[in-house]
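Below you'll find the structure, written out as structure tokens, and then a few comments.
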Amino acid sequence: MTRLLNLLLNGVTLGAVYAAFALCLVLIFRATRIINFAQGAQAMFTTYLAYQLVSNGQPYVVALVVALVSGFLLGAFVERVIVRPVESGPEINAVIVTLGLFVAIEALAAILFGNQFQSFPAPFGVDGLRVGGVDLALTGNDRYRIVAVLVAAGLLLALFRFTNLGLRLRAAAFGQEVARLLGVRVGRMLTLGWALAGLFGSLAGLLIAGGSLFSPSYMQGVVVFGFTAAVLGGLDSFGGAVVGGLVLGLTQSLVAGYVASSLVTMAALAILILVLLLRPGGLFSSSVARRV
Amino acid sequence: MLEIRNLVTAYGAVLALDDVSMDVPAGRITAVLGANGAGKTTLLRTVSGLVRPKAGTVQLEGKDITNAQVEDMVHRGMAHVPEGRGVIAELTIEENLRLGSLWRKDAKQEEIEEVYRTFPALESRRRLSAHTLSGGERQMLVVGRALLAKPKVLLLDEPSLGLAPRIVAQIFAIVRDLVDRTGLAVLLVEQNAKSALSIADTGVVLNLGKVVATDDARALAADEGLRHAFLGF
């Protein structure tokens, strides 16, 4: 029983991070129909920036703020300078550009910071939680991860749902031409969307690195699982991304705990195939058939 | 209000508009008629800046807006309801309406309630996604949204497309009433020439990108030769 509980808790912690990462892919995809494969590399780079500060004795909060702000700025830069020029062409062009960017950023990080693994100190304790005589494998760091993702996702949803800026962002994503005719600066909204995704990605990257090892390629696995989570959720639904992330995290934890950790990737793939067979649009796809 | 002079718009080597001129005065409905491919939609898209003309000018209240940004048009007093309704189906009905007044700092909730009074079918479903609406309700939604932008000129692209005659009559009556009460200038593009001429003050007939006739709406409707040749009724 305790084992199951611990595996579930572990799954939620993992899932929270996948969900955060899936959210940034969804943010960009629904506005521009592009999968940003450089998202993980951008997050990795800002994690390195945060690590430089932490290892120089700065408090974690300062490193966190710097990572988030630089993630925001990097996201805006990528959209405005690198993706915008190819955006008017076929979508595949922009996707290939983000793939190239992913390779370039990883290489740049390896040149600047070295290719070896480094240890990112855990911002909160790594002791488990003891509740009523049961030892739970939910460390302070895990709790921080879950709360941080919940708070960030809540703020993001509130921004989109309840503010005029959020309405502009959604209008620009779902009805570009109409939005422009109604005075929405669609270009600016797209840049802002990429910036928010960059911020969210940086948070995910930092949460994953905290208390474990990281290297220029440490986000690659997360990109794969985050992408899978986003596809499970339907690629354009925030709620779907969160559910997809949790499903994947739980699967990964349970399969690793009860079956074999080498089957984790295969289990994720099996779920993906199953969901896409039953619901080709993903679990929560909000898009409706468009007349062409 | 709106002055269009010698407008030329081309898609590649094909001229979609060839030296088109017309006036769209305040308090009047100007209907642009013609068959498919006559250049009607291109005219509206060029006026609102979605398509850039090769030559010619567009003036709004005496100011040149030929090369103004699309995003600025609403600030200058122009609202464009594009072809195919332009409802954003992923947003709720109320959110679609709010988009209309978003650019104005002084927008009030009361104005949205006013739209609901004009189109009661929308009110009960204000929190529902706009893709639940029927074709006629979608047209009401986009007209309501355009009015919330408080335009001086309204560009309407084929509002009757795919709608039942009764709904078309209802929407046209609301537009007519608004024009008479507020002095709004309307540039209406229609394939359904008969209904359009029944509410318009002036008719302009386009054929292959050229203006072939401009006249009082009643005179156009009475001109049998023109009707047979270009208007199909």
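The values are calculated or read from the model by the stated rules, or taken from the named source; none is laboratory data. What you are looking at is a predicted structure, and each value in this text was computed from that prediction instead of being measured. Backbone-built Cβ (ideal geometry, glycine too); neighbour counts: all protein chains shown.
Some observations on this one:
- Any hit, region A:201-221, residues being in a helix (DSSP H, G or I), out of contact with any helix residue (DSSP H, G or I) (no Cβ under 6 Å at 6 or more places or on another chain) and at pLDDT below 95: yes
- Within region B:187-233, the set of residues being in contact with a Gly (Cβ under 7 Å, 6 or more places away or on another chain) and surrounded by fewer than 20 Cβ atoms within 10 Å (Cβ to Cβ) comprises B:N207, B:D215, B:F230.
- Every pair of residues 6+ apart whose Cβ atoms lie under 7 Å, when the first sits in region B:120-149 and is touching a residue at least 12 places away in the same chain (Cβ under 8 Å) while the second is of a type in the set (F, W, Y): B:L122/B:Y116; B:M140/B:F119; B:G144/B:F119; B:A149/B:W103
- Candidates A:G198, A:G226, A:G211 - the one that is surrounded by fewer than 24 Cβ atoms within 10 Å (Cβ to Cβ) and either within 14 Å of another protein chain (Cβ to nearest Cβ) or under 28 Å from A:P123 (Cα atoms) (or both): A:G211
- Residue list for region A:67-81, filter: more than 15 Å from A:L27 (Cα to Cα) and among the aromatic types (F, W, Y): A:F77
- Strands (runs of 3 or more DSSP E) lying entirely in region B:114-233 (those with 2 or more residues that are within 14 Å of chain A (Cβ to nearest Cβ) and either under 17 Å from B:P82 (Cα atoms) or of a type in the set (A, V, I, L, M, F, W, C) (or both)): B:153-157
- You will find that of A:Q116, A:Q58, the residue that is part of a loop (DSSP other than H, G, I, E, B), free of Cβ contacts under 8 Å to residues at least 40 places away in the same chain and surrounded by fewer than 17 Cβ atoms within 10 Å (Cβ to Cβ) is A:Q58 and no other.
- Subset of region B:63-78 that is within 13 Å of B:L155 (Cβ to Cβ) and in a loop (DSSP other than H, G, I, E, B) - its residue that is farthest from the other protein chains (Cβ to nearest Cβ): B:I65
- For region A:247-260, the condition of being among the aliphatic types (A, V, I, L, M), under 30 Å from A:V61 (Cβ atoms), surrounded by fewer than 19 Cβ atoms within 10 Å (Cβ to Cβ) and touching a Ser or Thr at 6+ places or on another chain (Cβ under 8 Å) holds for none of the residues.
- Among all residues of region B:37-58, there is none that is surrounded by fewer than 16 Cβ atoms within 10 Å (Cβ to Cβ), at positive phi, at pLDDT 90 or above and not acidic (D, E).
- Hits in region A:149-188 (condition: assigned to a helix (DSSP H, G or I), of a type in the set (G, A, S) and either within 14 Å of chain B (Cβ to nearest Cβ) or touching a residue at least 60 places away in the same chain (Cβ under 8 Å) (or both)): A:A152, A:A153, A:G166, A:A171, A:A172, A:A173, A:A179, A:G187
- Selection status of A:L232, within 14 Å of chain B (Cβ to nearest Cβ), over 20 Å from A:S70 (Cα atoms) and surrounded by 23 or more Cβ atoms within 10 Å (Cβ to Cβ): no
- Leading residue by the ranking (surrounded by the fewest Cβ atoms within 10 Å (Cβ to Cβ)) among those in region B:85-95 that are assigned to a loop (DSSP other than H, G, I, E, B) and more than 7 Å from every other protein chain (Cβ to nearest Cβ): B:V87
- Options A:V26, A:V65: the member that is buried (at least 18 other Cβ atoms within 10 Å of the Cβ) and either more than 11 Å from the chain's Cα centre (by Cα) or not small (G, A, S) (or both): A:V26
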